[in-house]
Amino acid sequence: MASDDVWILGIKMTKFGKYPDKDITDLAADATMAALADGGVTMKDVQLLAYGNLVGGTQGQSLQKQVGQTGIPVYNVANACATGATALRVAYMAIKAGEIDTGLAVGVEKLAGAGLLAGGSRGAEKDEWTPEGRFGAVAPVDGRIGTETMPGVFAQIGMEYGHKYGGTSFELFAKISEKNHAHSTLNPLAAYSKRFTLEQIMGDIMISYPNTRPMCSANCDGAAAAVLVSDAKLKTLSKEQQRRAVKISASILTTDPWEEACQVLPNVNTLTRNAAKQAYEKAGIGPEDLDLVELHDCFATAELVHYDNLMLCEEGGAADFFNSGATWRDGKTPVNVSGGLESKGHPIAATGIANVWEIAHHLRGEAGDRQIEGAKVGLAHVIGLGSACGIHVLEKSGL
């Protein structure tokens with residue numbers, strides 16, 4: 001009986017960093033052509049393109065002009081930091097629906113020099129306030145009851161977790177960053193492959209307490225692309241292509257449920273926990289079955305709360321979980337062995353696919369010096385404020 005499984009046939013990411021001599025389309029084309037070559041197919045085989053870009057304002061049609069215009073449908077995707085994961089899900093759903101058997105998902109961004117992106121711009125203050133815009137008489141949140149800037153929001157989230165459950169400290173959050181920067185030294189595609197001492201991290205420029213500069217994700221340039229195929233299509237390909245294919249056991253996308261509080265400040269916890277529950281149920285596994293996790297550590301504080309949200313530990317136990325050593329690459333549940341966003345970099349739309357690439361790399365046994373031995377199951381997670389959470393559970397091919 002035919003299976004409706006969906007597989008990653010080819011997947012690649014560019015090195016993240018600065019590319020002054022390349023535009024967005026160049027970077028997207030580099031990742032696309034590499035992913036196609038990795039899968040052993042060409043643009044002639046692709047039946048759908050899901051193209052993710054948030055800041056640059058480019059469209060997949062521009063990429064087509066560079067890599068091959070074949071008349072296929074293009075879906076231009078923008079979904080905050082979950083853009084890449086959403087593009088991947090668009091291709092996944094088209095295959096699941098039986099409309100295509102081969103799809104391409106691409107995420108690309110040029111953010112080098114952008115600084116720490118804010119959640120929204122704030123105009124100049126006036127002596128008198130005049131209601132205007134969509135929200136009329138509702139004043140902007142930023143600077144009044146909280147903040148809409150990303151460093152501030154995630155600083156608050158980490159501090160809130162510590163206030164609720166205890167066990168956190170400035171030093172604990174810095175140790176998470178220390179781990180990720182240590183992991184990055186084994187990743188040649190990371191924007192920054194440099195180890196920092198705990199003292200260096202804690203003594204660096206404070207961005208938003210308790211996150212210093214090394215504890216924040218690095219905005220940079222980069223692209224990632226993935227070729228997805230149906231189970232039926234995979235069975236027509238070579239044994240080597242089948243061996244290297246990675247099964248997508250779950251592809252989940254959630255948004256915020258109704259909560260009165262999240263109308264003012266975002267709640268990154270509930271939609272992530274909901275996505276995780278759905279992903280584990282869909283894949284038929286539990287968090288204890290994961291051999292590695294790439295989660296959205298846009299800030300060190302975010303990584304800690306997502307240990308809990310992804311149910312890698314018992315509720316309220318994130319600090320103890322980290323202190324146990326579980327999240328280091330030689331621990332029970334390695335987290336962000338790529339170096340995470342704090343080291344690898346965060347070209348927004350590329351991140352969701354790049355996280356999947358990291359997991360796939362290990363499941364194939366191709367991660368070199370940072371290989372997690374015997375890895376069979378992994379989870380990739382991203383979250384974008386606004387809010388969207390994307391989770392993909394991946395499994396090693398048994399073919």
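The values are calculated or read from the model by the stated rules, or taken from the named source; none is laboratory data. Keep in mind it's a predicted model, so treat the numbers as computed, not measured. Every residue, glycine as well, gets a Cβ built from its backbone with ideal geometry; the counts of neighbours run over all protein chains shown. Keep in mind that these areas ignore ligands, DNA and RNA; they rest on the heavy atoms of the full protein, side chains included. Shrake-Rupley method; radii C 1.70, N 1.55, O 1.52, S 1.80 Å.
Values as computed for the structure displayed
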{"item": "Helix 150-165 vs. the chain, principal-axis angle (Cα, 0 to 90°, nearest 10)", "result": "80 degrees"}
{"item": "Charge tally in the Cβ shell below 11 Å around ARG244, where Lys, Arg are +1 and Asp, Glu are -1, ARG244 excluded", "result": "+1"}
{"item": "Alpha carbon Rg of the stretch 46-95, scaled by the compact-globule rule 2.2 N^0.38 Å", "result": "1.09"}
{"item": "Reachable aspartates and glutamates, given that their alpha-carbon falls under 20 Å from the alpha-carbon of LYS233 and they are not under 8 places away in the same chain", "result": "ASP4, ASP5, ASP38, ASP45, GLU99, ASP101, GLU395"}
{"item": "Per-bin percent of Cα-Cα distances, the chain [20 Å]", "result": "30, 58, 12, 0"}
{"item": "Listed peptides 297-310, 7-20, 54-67 by packing density, highest first (mean Cβ within 10 Å)", "result": "297-310, 7-20, 54-67"}
{"item": "Global geometry of the stretch 315-391, whether rounded, prolate or oblate, following the gyration tensor of its Cα atoms and the 1.5 cut on a/c", "result": "oblate"}
{"item": "In Hz, Karplus ³J(HN,Hα) per residue of the stretch 70-79 (6.51, -1.76, 1.60; θ = phi - 60°; x = Gly, Pro)", "result": "10, x, 6, x, 10, 10, 8, 10, 9, 8"}
{"item": "Furthest towards positive pole of dipole, MET13, VAL77, LEU292, structure part the chain, Cβ charges", "result": "MET13"}
{"item": "Residues with amide H under 5 Å from that of GLY386, placed H, sequence gap 5 or more", "result": "none"}
{"item": "For SER249, distant residues with modelled amide H under 5 Å away", "result": "VAL393, LEU394, GLU395"}
{"item": "Whole-number accessible area per residue in Å² for the chain, which is evaluated in the context of all protein chains at 1.4 Å", "result": "41 Å²"}
{"item": "Against the rule of thumb 2.2 N^0.38 Å, how large the Cα Rg of the stretch 148-231 comes out", "result": "1.33"}
{"item": "HIS163-ARG243 pseudo-label distance in nm [points 7 Å out on the Cα-to-Cβ vector]", "result": "5.5 nm"}
{"item": "Reachable aspartates and glutamates, given that their alpha-carbon falls under 19 Å from the alpha-carbon of LYS110 and they are not under 8 places away in the same chain", "result": "ASP21, ASP23, ASP26, ASP30, ASP221, GLU342"}
{"item": "Hits among lysines - C-alpha to C-alpha of LYS175 under 21 Å, sequence gap 8 or more where chains match", "result": "LYS164, LYS194, LYS332, LYS344"}
{"item": "Only Lys, Arg (+1) and Asp, Glu (-1) charged, at Cβ; the stretch 1-123 dipole about Cα centre in debye", "result": "420 debye"}
{"item": "Paired Rg and Dmax values of the stretch 1-117, which use every Cα atom, in angstrom", "result": "14.3, 53"}
{"item": "Charge-dipole axis of the stretch 139-289 as Lys and Arg at +1 and Asp and Glu at -1 on Cβ define it, positive-most pick from GLN242, ALA218, LEU253", "result": "GLN242"}
{"item": "Sulfur and carbon atoms: percent of accessible area, the chain [1.4 Å]", "result": "50 percent"}
{"item": "Dipole magnitude (debye, nearest 20) for the chain, charges at Cβ of Lys, Arg, Asp, Glu", "result": "1020 debye"}
{"item": "Sum of -39500 (n - 2.57) over DSSP H runs of 4+, divided by residues of the chain (222 nm, nearest 500)", "result": "-10500 deg cm²/dmol"}
